[in-house]
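Below: one structure, written as structure tokens.
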Amino acid sequence: MQLKVLIVEDNYINMELMRSLIQEAGLTPICTGSLFEAQQVFSNSAPEEFLCAVVDYCIPDAPSGEAIDFAIESFLPTIVITASQDDEVRINILKKNIVDYISKESNQMFEYLTRLLARLDKNKKVGVLVVEDSRIQRSAMTSLLRRHNFITFEAANAEQGLQVFKEHSNIKLAIIDENMPGMSGIQMIAKLRETYNEEDLGIIGISGEENTGLPARFIRGGANDYMHKPYSHEEFFCRVLQNVERLENIETIRRVANSDFLTGLPNRRHFFTQVETIQKTEPEQQSLAIIDIDHFKNINDTYGHDCGDYALKELAVIVADYFSDYSAARFGGEEFCVYFANVEHQKVWQVMEAFRQTIEQKELIFEKQSIKCTVSIGLTSYTEEGINGMLKSADKHLYTAKNNGRNQVVTD
Ligand SMILES: Nc1nc2c(ncn2[C@@H]2O[C@H](COP(=O)(O)OP(=O)(O)OP(=O)(O)O)[C@@H](O)[C@H]2O)c(=O)[nH]1
């Protein structure tokens with residue numbers, strides 16, 4: 001179901017701009033020009049249908065933020081937009097349980113709104129742990145985080161915090177206070193960094209101590225950022241969002257570096273990393289198969305290179321599906337590779353033979369033309385010389401399969 005965004009705004013131009021950026025974000029804008037209209041529309045809907053509300057601070061029938069109160073009381077994460085530069089208005093807005101406020105004077109308004117909307121959806125999968133011995137301060141932070149749809153966890157001391165980490169794998173960010181009974185925040189960070197590196201977990205250190213050396217101690221000790229108490233809501237959100245986005249950017253770079261650009265399958269480099277990790281567990285049985293499309297050059301020559309690309313992508317979908325329990329990759333060109341750990345060799349042979357038959361029977365349709373193709377497979381369970389020995393052995397069998405007429409599995 002496409003989530004809705006309730007807009008309450010009387011300015012037509014702003015409304016239209018927001019309508020289009022919300023649509024571009026894959027969401028459904030519900031546009032209302034007054035508080036009355038918003039109440040009417042909302043009374044016929046369920047809050048779960050909405051991702052959030054974007055509300056103008058001042059509209060004719062709600063000149064002092066009354067529409068914000070309505071949205072918050074309706075359990076909608078609420079983003080406020082305002083043309084007011086008045087500091088009192090800003091403080092007034094920030095007192096309310098809003099997600100954030102955006103000034104209409106900034107030409108970055110629409111860009112920031114797009115970013116916020118995307119975050120509200122993504123944050124639903126991001127866990128944030130707050131480790132703070134003061135219950136009031138802990139609750140204040142988790143309540144701010146919940147407004148942004150984060151999954152929140154709390155711990156009253158470092159030992160509890162480490163335990164929460166063991167139980168939840170979705171924690172991407174930890175906010176850790178320095179002064180707690182027992183282990184200090186910096187000591188806890190040192191412990192965490194033994195297991196989680198900076199690419200997998202963001203850490204923000206916090207403290208109310210007037211110690212100018214503390215931020216550097218936190219950062220040197222493995223934190224990514226530092227916040228001094230008391231902090232403003234704006235600073236809190238800026239730092240949290242920046243740290244979460246940093247991790248997501250790393251994740252994107254990692255994904256791009258590890259996958260084949262045409263098919264999206266893991267690439268050769270990632271395949272070796274995966275196999276290396278599995279081999280550390282000393283599997284009792286290992287097998288490796290190289291799959292090569294037969295006469296692929298003919299497909300390119302007969303139907304064109306685009307058709308060749310299409311065939312590779314279609315085959316990659318089948319490879320990903322067939323070998324989802326094992327490690328499969330596009331090795332380059334028209335070659336795929338699959339590694340099996342702790343699977344009986346006879347079972348591996350059956351899986352590869354079934355795969356060969358599936359491809360043989362598959363009909364690919366490219367620009368209304370029917371294309372058939374077959375694959376030759378070299379399969380080995382020879383493990384004497386590690387992964388390179390396995391590849392050499394499988395390649396030798398593949399060569400035999402090609403020489404024996406193709407469309408077959410050849411094994412040890
Ligand atoms: N469309 C497309 N073609 C590719 C890609 N990578 C490699 N190829 C083509 O794959 C073909 C491989 O040809 P060959 O190595 O002669 O092998 P083959 O025609 O499959 O014949 P056999 O392997 O002997 O059955 C070449 O024409 C390459 O240009 C790609 O990403 N896209």
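Go through region 333-412 and tell me which strands (runs of 3 or more DSSP E), entirely inside it, have 2 or more residues that are within 16 Å of the ligand (Cβ to nearest atom) and exposed (fewer than 15 other Cβ atoms within 10 Å of the Cβ).
Values: elements: 335-341, 363-366, 369-372, 375-380, 409-411.
Passing ranges, in order: 369-372.
Which is under 24 Å from the mean Cα position of the chain (by Cα), under 30 Å from residue 398 (Cα atoms), more than 16 Å from the ligand (Cβ to nearest atom) and touching a residue at least 40 places away in the same chain (Cβ under 8 Å), of 271, 236? Even if it seems obvious, please write down each step before you answer.
Values: 236 fails: under 30 Å from residue 398 (Cα atoms).
The conditions single out 271.
Just give me the residues in region 312-332 being modelled with pLDDT of 95 or more, over 21 Å from residue 366 (Cβ atoms) and within 16 Å of the ligand (Cβ to nearest atom), in sequence order.
329
Return a yes/no flag: does region 14-33 have any residue that is farther than 18 Å from residue 93 by Cα, part of a loop (DSSP other than H, G, I, E, B), without any contact (Cβ under 8 Å) to a residue 60 or more places away in the chain and over 32 Å from the mean Cα position of the chain (by Cα). Before the answer, list the steps.
To start, the set of residues in region 14-33 that are farther than 18 Å from residue 93 by Cα comprises 14-33.
Those left that are additionally part of a loop (DSSP other than H, G, I, E, B): 25-27, 33.
Those still in the list that are without any contact (Cβ under 8 Å) to a residue 60 or more places away in the chain too: 26, 33.
Right, trim to over 32 Å from the mean Cα position of the chain (by Cα) and you get 33.
Checked region 14-33: at least one residue is farther than 18 Å from residue 93 by Cα, part of a loop (DSSP other than H, G, I, E, B), without any contact (Cβ under 8 Å) to a residue 60 or more places away in the chain and over 32 Å from the mean Cα position of the chain (by Cα).
Here is a list: 67, 140. Which entry is at pLDDT 95 or above, over 26 Å from the mean Cα position of the chain (by Cα), farther than 17 Å from residue 22 by Cα and part of a helix (DSSP H, G or I)?
Among 67, 140, only 67 is at pLDDT 95 or above, over 26 Å from the mean Cα position of the chain (by Cα), farther than 17 Å from residue 22 by Cα and part of a helix (DSSP H, G or I).
When you scan region 266-280, do you find a residue that is part of a loop (DSSP other than H, G, I, E, B) and of a type outside the set (A, V, I, L, M), even just one?
Filtering region 266-280 down to residues part of a loop (DSSP other than H, G, I, E, B) leaves 267, 280.
Subsequent filtering for residues that are of a type outside the set (A, V, I, L, M) retains 267, 280.
Yes, region 266-280 has at least one match.
Answer with yes or no whether residue 68 is in contact (Cβ under 8 Å) with a residue 24 or more places away in the chain and touching an Asp or Glu at 6+ places or on another chain (Cβ under 6 Å).
In short, no.
Looking only at region 295-311, decide whether some residue is under 30 Å from residue 126 (Cβ atoms), in the same structural domain as residue 403 (by TED's automatic domain parsing) and within 16 Å of the ligand (Cβ to nearest atom). Write out each step before concluding.
First, pick out the residues of region 295-311 that are under 30 Å from residue 126 (Cβ atoms): none.
So far as region 295-311 goes, no, none of its residues is under 30 Å from residue 126 (Cβ atoms), in the same structural domain as residue 403 (by TED's automatic domain parsing) and within 16 Å of the ligand (Cβ to nearest atom).
The values are calculated or read from the model by the stated rules, or taken from the named source; none is laboratory data. Just so we're clear, the structure is a prediction, and the values are computed from it rather than from any experiment. Neighbour counts are summed over all protein chains in view; Cβ atoms, including those assigned to glycine, are modelled from backbone coordinates with ideal geometry.
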